[in-house]
Amino acid sequence: MKLPNGYDLAYLTIFPVAAAAVKYRMARHGKYRESAPLLLGRDLSTAAAAEEQRTLWKNGSIWVHAVSVGEVGAARAMLPLLRERFPELPILLTTHTETGQAAARALPAGLTDAVRYFPVDFSWLMQRAVSVYQPRIFIPMETELWPNALDIISSSGAKIFTLNGKISERSFRSYQRIRALIRRPLSRITAFCAQTAADANRISALTGRTDNVHVTGNCKFDIEIPLLDCEAKADLAAELGLPWPTQLVVAGSTHKGEELITINSFQTILAAHPECHLALVPRHPERFSEVWSDLLSADVNAVRVSDQARTQPENSAQPNVHLVDRMGVLTRLYGLADVAIVAGSFVSGIGGHNLLEPAAHGVPVVYGPDMKGQPDMLRIMRDSGAGTQVAPGELAKVVDQLLSNPELARQKGIAGQNAYRANRGSARRNMEVLELYLGKEFPKKAGDGS
């Protein structure tokens, strides 16, 4: 094994602190129990990995890396096009987080050939991963700047493309401070596909190049979101134990502190809409128990979807708050909503989540003041008049307005659906960029219309 390089030494400096934090969260919240050993490469030196190396990856692979749920969503739009254009190469999809892994495993069959965890960026782990997966094309979604990975994967001969790239103003300032350290890894990237012109300008400022930076839009708009007909809505409601038909507010991807904001607002909403129900969907599964404990302590009539446990006696009124403690249902659940609250935006430090999922269903979308992580979605929703951005204290008032005015809700829903459809096409533009750089290495076969 080679001696640690400069990046490894930097990682080793912070590793004890990071490991202690992981152990604490593992013991306290059950987080990382599945992912920790795999992030450290336990699955790369097994007989199964050796057999895959000889069979599945023997001619190389397309390695797509999506950190968590949002990036998996962006990758989902690209995977069918990659499969169509490069049928000779198996597709590997990796994630860092357990929620991302769950989302990746829930993708439709046939989009990938394997789903794995992306190893920690130590050079020896990356060398082993490259020897197993033998990537010929490596695609990190959004902005994953792991220096050892970029160096080692590029040195193996693979071409690297950042797709759906974005760099916030805050991240840009941080990268500028270490520009000398990241300039070489960035030079390993064959081409960048940026969401916006602002993202492209920041990438060019860091790399010192403009010729390999392309503005292609946000391919999350290209995710196929099937709409629910009446029968499908009734089936989903029955599956989750929700009353149907009913007036429903869905609060999706909530983080710590946002459940309380939502519950307090909902109590006000109930005064004007006593038949209304709230579906509360925490972002991270390790928080399901914590949120349920909070509901047990609060003065609310709630039920837990997984086992239909209730916060109040069985002979009391039917619950109107539903804790949806299941992964993989939120996108469909938005299709039942009269109003969707997209969280991750009412507390600081998250930067918002995907506004497109409820918009695609024609549901009016409400979100909080911190959408720094989704500037393009925020602009589109604002310019189209589809979304409503509110402070936490105004949440109840705005949701009440939408529930009380079905025509206003319908207009906003249509505007959101139109915005979702009008901004599609990024995935195809990404593929056009790949074609520019890979056309000679991977010539199209006769009859290939991709």
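What the table below lists for this structure:
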{"quantity": "Selected residue (criterion: surrounded by the fewest Cβ atoms within 10 Å (Cβ to Cβ)) from residues of the range 35-49 that are in contact with a helix residue (DSSP H, G or I) (Cβ under 8 Å, 6 or more places away or on another chain) and among the hydrophobic types (A, V, I, L, M, F, W, C)", "calculated": "40"}
{"quantity": "Checklist (1) closer than 19 Å to residue 432 by Cβ; (2) assigned to a loop (DSSP other than H, G, I, E, B); (3) polar (S, T, N, Q) applied to residue 164, failing item", "calculated": "(2)"}
{"quantity": "Output for the range 294-328, where each listed residue is in contact with a Phe, Trp or Tyr (Cβ under 9 Å, 6 or more places away or on another chain), of a type in the set (Gly, Ala, Ser) and not in a loop (DSSP other than H, G, I, E, B)", "calculated": "302"}
{"quantity": "Residue ID - surrounded by the fewest Cβ atoms within 10 Å (Cβ to Cβ), chosen from residues in the range 265-288 that are part of a helix (DSSP H, G or I) and of a type in the set (Val, Ile, Thr)", "calculated": "268"}
{"quantity": "Residue within the range 129-136 that is free of Cβ contacts under 8 Å to residues at least 60 places away in the same chain and more than 26 Å from residue 421 (Cα to Cα) present", "calculated": "yes"}
{"quantity": "Single residue of 317, 234, 272, 302 found to be free of Cβ contacts under 8 Å to residues at least 12 places away in the same chain and more than 30 Å from residue 194 (Cα to Cα)", "calculated": "234"}
{"quantity": "Residue that is surrounded by the most Cβ atoms within 10 Å (Cβ to Cβ) [pool: residues in the range 186-203 that are within 16 Å of residue 428 (Cα to Cα) and of a type in the set (A, V, I, L, M, F, W, C)]", "calculated": "193"}
{"quantity": "Per-region count, the range 80-97, residues crowded, with 23+ Cβ neighbours inside 10 Å and either at positive phi or part of a helix (DSSP H, G or I) (or both)", "calculated": "1"}
{"quantity": "Answer from 182, 139 - the residue that is more than 22 Å from residue 86 (Cα to Cα), in contact (Cβ under 8 Å) with a residue 24 or more places away in the chain and of a type in the set (Val, Ile, Thr)", "calculated": "182"}
{"quantity": "Hits in the range 204-224 (condition: of a type in the set (D, E, K, R) and surrounded by fewer than 17 Cβ atoms within 10 Å (Cβ to Cβ))", "calculated": "209, 211, 224"}
{"quantity": "Given (1) assigned to a helix (DSSP H, G or I); (2) under 22 Å from residue 409 (Cα atoms); (3) not aromatic (Phe, Trp, Tyr), index of the condition residue 291 fails", "calculated": "(2)"}
{"quantity": "Residues within the range 366-423 that are out of contact with any Ser or Thr (no Cβ under 9 Å at 6 or more places or on another chain), among the small types (Gly, Ala, Ser) and surrounded by 18 or more Cβ atoms within 10 Å (Cβ to Cβ), tallied", "calculated": "5"}
{"quantity": "Filter result for residue 24 (assigned to a helix (DSSP H, G or I) and of a type in the set (Phe, Trp, Tyr))", "calculated": "yes"}
{"quantity": "Filter result for residue 227 (modelled with pLDDT under 95 and either within 22 Å of residue 381 (Cβ to Cβ) or crowded, with 16+ Cβ neighbours inside 10 Å (or both))", "calculated": "yes"}
{"quantity": "Residue list for the range 190-209, restricted to those being in a loop (DSSP other than H, G, I, E, B) and touching a helix residue (DSSP H, G or I) at 6+ places or on another chain (Cβ under 7 Å)", "calculated": "190, 195, 196"}
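For (1) crowded, with 18+ Cβ neighbours inside 10 Å; (2) in a helix (DSSP H, G or I); (3) at pLDDT 95 or above, each residue gets a yes or a no:
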residue	(1), (2), (3)
100	yes, yes, no
107	no, no, no
131	no, yes, yes
137	yes, no, yes
152	yes, yes, yes
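The values are calculated or read from the model by the stated rules, or taken from the named source; none is laboratory data. None of the values given here were measured: they were computed from a predicted structure. Positions of Cβ are backbone-derived with ideal geometry, glycine not excepted, and every protein chain shown enters the neighbour counts.
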